[in-house]
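Below is one structure, written out as structure tokens; comments come after it.
No value in this document is a laboratory result; all are computed from the given coordinates. What you see is a predicted model, and the numbers here were worked out from it, not measured in a lab. Cβ placement follows ideal geometry from the backbone for every residue including glycine, while neighbour counts extend to all protein chains displayed.
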Amino acid sequence: MGIQITPSILNADFARLGEEVARIGSADWVHVDVMDNHFVPNLTFGPTMVEALARSTDIPLDAHLMIEDADRNALEYVDAGCGSVTFHVEAAKAPVRLAREIRAAGARASMALRPATPIEPYEDLLPELDMLLIMTVEPGFGGQKFLDLCLPKIRAARAMLDKHGIETWLQVDGGVSLETIERCAEAGADTFVAGSAVYSADDPDRMVAELRAAAEA
Ligand code: DX5
Ligand code: ZN
């Protein structure tokens with residue numbers, strides 16, 4: 001598995017989501033940010049909308065659940081057709097059980113950490129995960145500035161994954177752009193979410209290619 005570019009549709013035109021996804025044809029995944037106005041102070045969409053989006057594209061969906069009570073709601077997004085489902089560890093009461101349920105339901109299981117959440121307490125969970133998401137902004141909104149203070153955590157996570165010899169992908173999300181993606185790749189990330197960088201570009205698919213080239217450099 002090499003570099004993967006995963007555009008977030010958070011900054012796309014929600015009235016034309018099918019067309020917006022068609023503008024990023026070379027993306028590896030489409031990142032869908034589910035927000036419930038409790039875990040984060042913003043509200044987006046739920047499983048019905050995600051299911052409609054899954055039907056509209058051949059690109060697999062990467063759901064990022066910024067919702068309270070992840071244990072109770074995450075499987076709805078597997079049922080909605082997502083190939084990967086990320087819950088926040090801060091919102092999961094039983095992260096090991098939840099990761100196993102997501103895998104058993106047929107999706108990749110992924111766990112996210114907010115910027116202030118340390119990775120060390122979760123080292124033993126890593127083999128349960130197909131992907132670990134290290135947030136590089138406080139979740140809730142697109143277009144925020146990349147937090148350099150998260151880079152040591154990306155490095156620490158990369159060292160743990162290598163130590164365990166596991167294939168878990170390491171994703172970064174928040175403020176990823178042509179200016180910051182090389183720093184993330186150098187620290188060990190291999191899966192990159194980019195929202196405003198992609199959808200503010202004149203040609204979003206060209207930006208996907210440019211981000212990929214920068215991450216591979
Ligand atoms: C933020 C979301 C991100 C967001 C990224 O809470 O999880 O996926 O869309 O947007 P940018 O790339 O603009 O920071
Ligand atoms: Zn996200």
Response to the item:
Within the range 111-133, the residues that are touching a Leu at 6+ places or on another chain (Cβ under 6 Å) and either of a type in the set (A, V, I, L, M, F, W, C) or within 19 Å of Glu167 (Cα to Cα) (or both) are Met111, Ala112, Leu132
Worksheet item: Out of the range 163-178, which residues are out of contact with any Pro (no Cβ under 9 Å at 6 or more places or on another chain) and either among the small types (Gly, Ala, Ser) or in contact (Cβ under 8 Å) with a residue 24 or more places away in the chain (or both)?
Response: Gly165, Glu167, Trp169, Leu170, Gln171, Val172, Gly175, Val176, Ser177, Leu178
Fill in: Answer residue from the range 61-73, given it is buried (at least 24 other Cβ atoms within 10 Å of the Cβ) and either farther than 15 Å from Asp130 by Cα or β-branched (Val, Ile, Thr) (or both) and is farthest from ligand 1 (Cβ to nearest atom) among those
Ala70
Worksheet item: Mind checking whether some residue in the range 88-97 is farther than 25 Å from Pro41 by Cβ and within 13 Å of ligand 1 (Cβ to nearest atom)?
Response: no
Fill in: Odd one out for Val30 among (1) within 15 Å of ligand 1 (Cβ to nearest atom); (2) surrounded by fewer than 23 Cβ atoms within 10 Å (Cβ to Cβ)
(2)
Discussion item. What are the pairs with Cβ atoms under 9 angstrom where one residue, in the range 187-207, is within 30 Å of Met160 (Cα to Cα) and of a type in the set (D, E, K, R) and the other, located anywhere, is outside any helix (DSSP H, G or I) and more than 9 Å from ligand 1 (Cβ to nearest atom)? Sequence gap at least six, or different chains.
Written reply: Asp190/Met1; Asp190/Gly2; Asp190/Ile3; Asp190/Gln4; Asp190/Trp169; Asp190/Leu170; Asp190/Gln171
Discussion item. List pairs: first residue in the range 132-148 and within 12 Å of ligand 2 (Cβ to nearest atom), second residue in a helix (DSSP H, G or I) anywhere in the structure, Cβ distance under 7 angstrom, at least six positions apart or on different chains.
Written reply: Ile134/Cys150; Ile134/Lys153; Ile134/Ile154; Ile134/Ala157; Thr136/Cys150; Gly142/Leu10; Gly142/Asn11; Gly142/Ser196
Practice prompt. Determine, yes or no, whether Gly83 is in contact with a Cys (Cβ under 9 Å, 6 or more places away or on another chain) and under 20 Å from Asp190 (Cα atoms).
Written response: no
Discussion item. Exactly one of these conditions fails for Val172: (1) within 15 Å of ligand 2 (Cβ to nearest atom); (2) out of contact with any Phe, Trp or Tyr (no Cβ under 8 Å at 6 or more places or on another chain); (3) of a type in the set (Val, Ile, Thr). Give me its number.
Written reply: (2)
